[in-house]
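Okay, structure first, notes after.
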Amino acid sequence: MIQYDEKTGVFHLRNEQMSYVLQVVRGRYLMHRYWGRPLHAFRDSRPFQQIDRSFSPQPAAYENDRTFSLDVLPQEYPSYGHTDYRIPAYEVRLKDGTTTTELFYKSYEIQQGKPALSGLPASYAGDDEAETLLIHLEDSKGKLAICLSYTIFAGVNVIARSAKIENSGTEALELLNAASFALDLPDHDYDRINLWGGHASERNMERVPLMHGIEESASRRGASSHQTSPFLALLRRDAGETQGDVYGFALVWSGEFSLKTEVEQFGTTRVVGGINPFEFRWHLEPGESFQTPEALLVYSPEGLNGMSQSFHEIVRHHIVRGKYRDAVRPILVNNWEATYFDFDDAKMDNLAACAKDLGIELLVLDDGWFGKREDDNSSLGDWVVNTGKLKKGLQGVAESAHKRGLKFGLWFEPEMVSVDSDLYRAHPDWVLKAPSYPVSFGRHQLVLDLSRADVRDYIVDSVCKILDTAPIDYVKWDFNRHLTDAFSAKLPPERQGEVRTRFVLGLYDVLERITQSHPDILFESCSGGGGRFDAGMLHYMPQTWTSDDTDAICRLSIQSGTSLVFPPITMGAHVSVTPNHQVGRVTPMQTRAFAAMMGCYGYEMDITRMSEEEKTEVRSHIALYKKIRPTMQLGRFYRLLTPFSGTGNETAWEFVSRDGQEIVLIYFKTLATPAAELRTLKLEQLDAAAEYEVTSYSPARGLSHDGAGNKSLSLEGKSFYGDELMYSGIEVPKIDTDFAAYMWVLERK
Ligand code: GLA
């Protein structure tokens, strides 16, 4: 997959879907030459223009060649201060206070498979699944050695990139910026997509024309955040869901990040991404090095859906690990919206009994089981069961669930501490805090200093003690505020700029130790919902609670936006009560169920209070979900309509089982409209020559057959060839109610 031509200095990374080409120019400079559809060979049909550009200076060696300037050349890991004025990939401050360095190509290595990144989450692959190119660059004065890593995967349109920066000199230096990747594209005829949001309204898609100058998607919150996501896409102006060139970038990093684009004077586009350099500093003594997080770079000639397919594939098979990677996930009931902090053994046991009766498989006990926690003012850090609420301890509640044939799960928020806690009273210096200023609060809680080994050991020990003493099958790992006052009592002044990064590295250390020592537990990460929904967290925990907003209609956009990068099996999605607790909306149970079936399905409501009629409906939803679950969770996912397209009033999702035997199509119409346009849904990825038999589920008749009042449109029991379903499509029956949802299940004959 990786070829090197010594004569031309060209490295050609190629699989069946794409080529990525680099070139060593003038024996020194590592340039980007091409990324797109696969090429037979790169012979330089588009040589660099030899133009004298005024105000674009020359490196000393080329003083007399005014056509040569790094300012106008496409580079793979550009520096600043030495003839290139665009966004640099890295920057250092040397002992003498200067920031100029000069990077030259030194050598390369090609390895089978994918080397691990020490202390960091990253993609992994077997020797027959990927090849990795390591390019060694060195500073002309020997002060820095940088190793760029490029992995190309067989059968997936992804390049994984990262950089390792070493102080190869004799004096200490300060790293000011260390991007995971930089990329120069030859023009700027792109739209830019990013995902913006807030707590309970995560990952809304925004598409705007790429502008001249610098634009940035970034988090400064110490977490990947609800407000933005470590993802960016550039797509051709005419590209859409299923056609056109798209370049997607996602970081395998859960801390603050920056993804910048710069369209410069001659119309080229630079993309640079990695840890946010805003507050980043890293002190490097001679011989020490810093490894950047990994970036996943996707090229798709098949629009956003093609990009998402590649991200889903890499996340599912090369990021997520462990027993649950390829296993369907249990249907759960979580007591948070059912009881909040007000629960005891009896309530939990009633929930368990009802859950069992409905067909639910896992009972989750959320916040409030530890210390003396009755509300969110106290006890974080004291991971000891509150026997006032749970008289028989965790053992009791877990065993009563197990006796009923349910799995049992528990909530933790281990990175935090309440001021009213034994932990804080014993270790007030264990929190992030500026030495001479008062500390800042978020949800009445403080953030533990995970850059400290003693804090990390405490977290690992106290969480493992619970996991090892009660029979726990599932853990929800929460993080309910962002970093402020990010200073550590343990580090010297010159290392305080490392704290925000060390916090995340410390978290990864804790997660690795806990998840690897408990391989049978299913872990779900959470940060007030989807505030840390990123590929870094998914390396340790295979699913994430997508949002604290459980309203089905809000979830259509949250889950559609999330699906740009992450596959449905990574998204926790639950049915909740109406009126909904976040937005007060009343939606039909079936709509709530169909929206939640897109992800790891569950209930987040007091199921013991449902009427018999509701229970009957829920039983039928659960039975249906169990039947289609392998397709929904392990199959391929396609967006046919999203709240970000058209009028935003319709959503349609298609799921295709891996073997192509089962297809599930779900359609939602948010508001009924008079004189509504007809809606045809054209399916994706069917076998044109195969026949598919249709079963349909409509709002009019619940989980029975469709067509009430629309008999002519009933497809129930009929069979169609794949080509007709793809090219002519399915007509959605007329809808005369708000918040309607339809489902069609197609079986290949
Ligand atoms: C966060 C989570 C919720 C719930 C609460 C408990 O907000 O996202 O699901 O666990 O914490 O305090």
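The values are calculated or read from the model by the stated rules, or taken from the named source; none is laboratory data. These numbers were taken from a predicted model, which means no experiment stands behind them. All Cβ positions, even for glycine, are placed from backbone atoms using ideal geometry, and neighbour counts span all protein chains on display. These area figures cover heavy atoms from the full protein model, side chains too; ligands, DNA and RNA do not enter into them. Shrake-Rupley method; radii C 1.70, N 1.55, O 1.52, S 1.80 Å.
Worth pointing out:
- Criterion: open to solvent by less than 10 Å² (accessible area, probe 1.4 Å) and under 25 Å from Gly306 (Cα atoms) - qualifying residue of Ile628, Ile607, Ile622: Ile628
- Here is the figure for the range 547-574: residues that are touching a residue at least 40 places away in the same chain (Cβ under 8 Å), touching a Phe, Trp or Tyr at 6+ places or on another chain (Cβ under 7 Å), within 14 Å of the ligand (Cβ to nearest atom) and open to solvent by less than 10 Å² (accessible area, probe 1.4 Å) total 1.
- With respect to the stated conditions, Val419 fails to be touching a Lys or Arg at 6+ places or on another chain (Cβ under 9 Å), surrounded by 20 or more Cβ atoms within 10 Å (Cβ to Cβ) and not basic (Lys, Arg).
- Restricting the range 629-684 to residues that are among the polar types (S, T, N, Q) and touching a Lys or Arg at 6+ places or on another chain (Cβ under 7 Å), the residue that is nearest to Glu731 (Cα to Cα): Asn649
- Residue within the range 539-556 that is within 28 Å of Thr469 (Cβ to Cβ), at pLDDT 95 or above and in a loop (DSSP other than H, G, I, E, B) present: yes
- Inspection of the range 501-517 identifies no residue that is in a loop (DSSP other than H, G, I, E, B), at negative phi and either within 16 Å of the ligand (Cβ to nearest atom) or surrounded by fewer than 21 Cβ atoms within 10 Å (Cβ to Cβ) (or both).
- The range 667-726 - residue that is of a type in the set (Ser, Thr, Tyr) and part of a loop (DSSP other than H, G, I, E, B) and, of those, modelled with the highest pLDDT: Thr670
- Among (1) of a type outside the set (Lys, Arg); (2) open to solvent by 20 Å² or more (accessible area, probe 1.4 Å); (3) at negative phi, the one test that Tyr638 misses: (2)
- Within the range 271-305, tally of residues that are under 17 Å from Pro567 (Cα atoms) and in contact with a Phe, Trp or Tyr (Cβ under 9 Å, 6 or more places away or on another chain): 5
- Looking only at the range 441-489, residues that are within 16 Å of the ligand (Cβ to nearest atom), open to solvent by 40 Å² or more (accessible area, probe 1.4 Å) and without any contact (Cβ under 8 Å) to a residue 60 or more places away in the chain come to 1 in all.
- Verdict on Asp366 being open to solvent by 10 Å² or more (accessible area, probe 1.4 Å), modelled with pLDDT of 95 or more, within 30 Å of Val439 (Cα to Cα) and within 16 Å of the ligand (Cβ to nearest atom): no
- Meets criteria (buried (at least 18 other Cβ atoms within 10 Å of the Cβ), under 17 Å from Met416 (Cβ atoms), among the charged types (D, E, K, R) and within 14 Å of the ligand (Cβ to nearest atom)) for Arg532: yes
- Residues that are open to solvent by 60 Å² or more (accessible area, probe 1.4 Å) and in contact with a Lys or Arg (Cβ under 6 Å, 6 or more places away or on another chain), drawn from the range 27-62: Asp52
- Residue count, the range 652-681 (criterion: hydroxyl-bearing (Ser, Thr, Tyr) and open to solvent by 30 Å² or more (accessible area, probe 1.4 Å)): 2
- Contact map, the range 298-327: residues that are in contact (Cβ under 8 Å) with a residue 40 or more places away in the chain paired with residues that are among the basic types (Lys, Arg) and surrounded by fewer than 24 Cβ atoms within 10 Å (Cβ to Cβ), Cβ distance under 7 Å, separation 6+ or inter-chain. Pairs shown: Pro301/Arg37; Asn305/Arg639; Gln309/Arg636.
- Any hit, the range 59-71, residues being in contact (Cβ under 8 Å) with a residue 60 or more places away in the chain and within 21 Å of Gly27 (Cα to Cα): no
- Among residues of the range 714-734, those that are in contact (Cβ under 8 Å) with a residue 24 or more places away in the chain and open to solvent by 20 Å² or more (accessible area, probe 1.4 Å), counted: 13
- Applying the set (1) away from the ligand (no atom under 16 Å from the Cβ); (2) among the acidic types (Asp, Glu); (3) crowded, with 23+ Cβ neighbours inside 10 Å to Glu361 leaves exactly one unmet item: (3).
- Taken across the range 472-485, residues that are more than 22 Å from Val320 (Cβ to Cβ), basic (Lys, Arg) and at pLDDT 95 or above do occur, with at least one present.
- Among the residues of the range 373-384, those identified as farther than 18 Å from His427 by Cβ and either open to solvent by less than 30 Å² (accessible area, probe 1.4 Å) or more than 10 Å from the ligand (Cβ to nearest atom) (or both) are Arg373, Glu374, Asn377.
- Qualifying positions in the range 385-410 - open to solvent by less than 20 Å² (accessible area, probe 1.4 Å), more than 15 Å from the ligand (Cβ to nearest atom) and of a type in the set (A, V, I, L, M): Leu390, Leu394, Val397, Ala398, Ala401, Leu406
- Output for the range 490-500, where each listed residue is open to solvent by 10 Å² or more (accessible area, probe 1.4 Å) and either among the acidic types (Asp, Glu) or within 16 Å of the ligand (Cβ to nearest atom) (or both): Glu494
- Entry remark, the range 186-230: residues being assigned to a strand (DSSP E or B) and either open to solvent by 70 Å² or more (accessible area, probe 1.4 Å) or of a type in the set (Lys, Arg) (or both) number 7 in total.
- The set of residues in the range 317-353 being buried (at least 22 other Cβ atoms within 10 Å of the Cβ), away from the ligand (no atom under 13 Å from the Cβ) and either among the acidic types (Asp, Glu) or in a helix (DSSP H, G or I) (or both) consists of His318, Ile319, Met348, Leu351, Ala352.
- The residues on offer are Glu285, Glu216, Glu241, Glu256, and the sole one that is in contact with a helix residue (DSSP H, G or I) (Cβ under 9 Å, 6 or more places away or on another chain), of a type outside the set (Lys, Arg) and closer than 30 Å to Leu450 by Cα is Glu256.
- Those residues of the range 76-92 which are assigned to a loop (DSSP other than H, G, I, E, B) and among the aromatic types (Phe, Trp, Tyr), in sequence order: Tyr77, Tyr80, Tyr85
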